[in-house]
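Note sheet for the following structure.
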Amino acid sequence: MERRPVNGCGSPYHLVDLFSSTSPAPQNAESRVMTVTQLTRRVKEVIESGIGSVRVEGEISNHRLQSSGHHYFTLKDAGAQLSCVMFKGSAQYLRSPLADGMKVQASGELSVYEARGQYQMLVKRVTPSGQGDLQARFEELKRRLAAEGLFDAAAKQAIPWFPVTVALVTSPTGAALQDMLNVLGRRAPWVRVIIAPVRVQGSGAEHEIAAALGLLNAESGRSLPHIDTVVLARGGGSLEDLWCFNEEVVARAVFASRLPVISAVGHEIDFTIADFAADLRAPTPSAAAELLAPDRMDLLASLRQSQQRLQRRLHQTLDAARRELDLASRRILRRDAERLMLPWQQRLDATAEALERAVSQCLADSTAAAQRLQHRLELRRPDRMLGERQLKLLHLRAQLTALTEAAMERRQAALRTCAGLLRTLGPQSVLDRGFSCALDLSGRIVRDAARLTAGEEIEVRFCKGRARAVVKNTEA
């Protein structure tokens, strides 16, 4: 039996004996009788242990969604079909609804439904056909851009805590825009919103997104108000729907942005290249709007608390001033005003001395710093540095000249050696000693007289000149 890959990884399986066991087989296999349940259960054990996890590509047909949330369907191709079931726990991770006619790749395990004696596939995950190629492209681009440093945490910009103007790069007709506007209107109605309308799906959408980011950076503070934060937003969708946010041109535009960028693409489980390049990733567009600015209710509560603390402080200050005024108005203090002022005068004198010492110390520190800077400036004077560089350049030039001359001498000596060898061992030296060389009309050297025929014309080369000759006879 030919071995075939069953799990997408090249792992082969073999036909096995359904009646094999750890104990020796009976002498007469026909004498062993099994019930249908026993046989079916044995088949189930063999399929589950012998094949196990698989990944199958095909077209969905006969799809049924039960009220329990389980999916039942058939995967088929031109030659066969396979019954499949996807339970509710696995179905919750579907990115798009299943439907008849969809070409998909299903991953799961083979099993046997004993009640019908039918083998089936317990599907764990379903992805549209071709999504594996997209995932491979995603991982390759992610690795390459990460190696270039586009995802480094050190390059991330801080998101302003209290923005005045934000820009939303998204579709003008999408639900993501309305969700963000609703959240901002409720939480931070003072924020000015600039909408940069772009396509967020389809061919060419990535170039619109990159161009919008470049325009916002160029016009911020010029034709547009100063923009505090840019949000790149789109609602959920399949990997193909979100693919424009996985293009290199978008990642480089996000990385090059001088304005802080928040990426809010898809749902919480969706990750794009733009998420890694952005300064901050939000799980959804609504979450991005909540991260953009503080809630006005929280701000109002904080202001009320600050107002209460300020009022208490003001009342305490007024009470202290009233007590001091009451003491100052008493007669005993009016009669002894000099004694009342004495502690304040002493404190003033001490403060003046401390101020004078501080000023003197500051001047001394500034003078020392100026002297250090002057010394560093002297060491780095342009004329001195230029002189040192010129001397170094002359030294390097002399070294280069010496190395070049030495290399030329070595090359010339090698050339002279080769010329001498050519004169000694070359064909011309052989001809000079009186030998001759025979060539056929195509210019090839004749080494064997047997290869010539009578009447054939050849050329004979001498030390000086050459001549044509006709072969009369040949001898081996």
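Just so you know, all these numbers are worked out from the coordinates, no wet-lab data involved. From a predicted model like this one, the values you see are computed outputs, not experimental measurements. Glycine also receives a Cβ, built like all others from the backbone with ideal geometry; neighbour counts cover every protein chain displayed.
With a sphere of radius 14 Å drawn around the Cβ of GLY202, what net charge do the other residues whose Cβ falls strictly inside it have (Lys, Arg +1; Asp, Glu -1)?
Working: positive: ARG199, ARG234; negative: GLU206, GLU208, GLU240, ASP241, GLU247.
Local charge sum for GLY202: -3.
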Counting only helical runs of four or more DSSP H residues, what would the 222 nm mean residue ellipticity of the chain come to if each run contributes -39,500 (n - 2.57) and the total is spread over all its residues? -15500 deg cm²/dmol
Within 9 Å, Cβ to Cβ, of GLY58, how many net charges do the neighbouring residues add up to if Lys/Arg are +1 and Asp/Glu are -1? -1
Between exposed chymotrypsin sites (Phe, Trp or Tyr not before Pro) in the chain, where DSSP calls loop and at most 13 other Cβ atoms lie within 10 Å, what's the longest gap? 191-434
For segment 417-457, which trypsin sites (Lys or Arg not before Pro) are both in a DSSP coil and crowded by at most 16 other Cβ atoms within 10 Å? ARG433, ARG444, ARG447
Take the residue pairs LYS76/LYS124; LYS44/LYS103; LYS44/LYS124 and return only those whose Cα atoms are more than 23 Å apart. LYS44/LYS103
Mind listing the phi-derived Karplus ³J(HN,Hα) values for segment 414-430, rounded to whole Hz, using 6.51, -1.76 and 1.60 with θ = phi - 60°, and x for any glycine or proline? 5, 5, 4, 4, 5, 5, x, 5, 5, 5, 7, 9, x, x, 5, 5, 5
Pull up the cross-link candidates among the aspartates and glutamates for LYS464, meaning alpha carbon to alpha carbon under 20 Å and not fewer than 8 places away within one chain. ASP432, ASP440
Quick one: net charge of PRO283's neighbours, Cβ under 15 Å, K/R +1, D/E -1? -3
Can you give me the long-range amide H partners of LEU280? Hydrogens built in the peptide plane at 1.01 Å from N, cutoff under 5 Å, separation of 5 or more residues or another chain. VAL261, SER263
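Looking at the chain only, what percent of DSSP beta bridges run antiparallel? Nearest 5 please.
Values: 38 of 58 bridges.
The answer is about 65 percent antiparallel.
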Structure-derived percent of Cα pairs over 35 Å apart - corresponding label in (1) 30; (2) 40; (3) 71: (3)
Explain nothing, just the number: relative contact order of the chain, from Cα pairs under 8 Å at least 6 residues apart, as a whole percent. 8
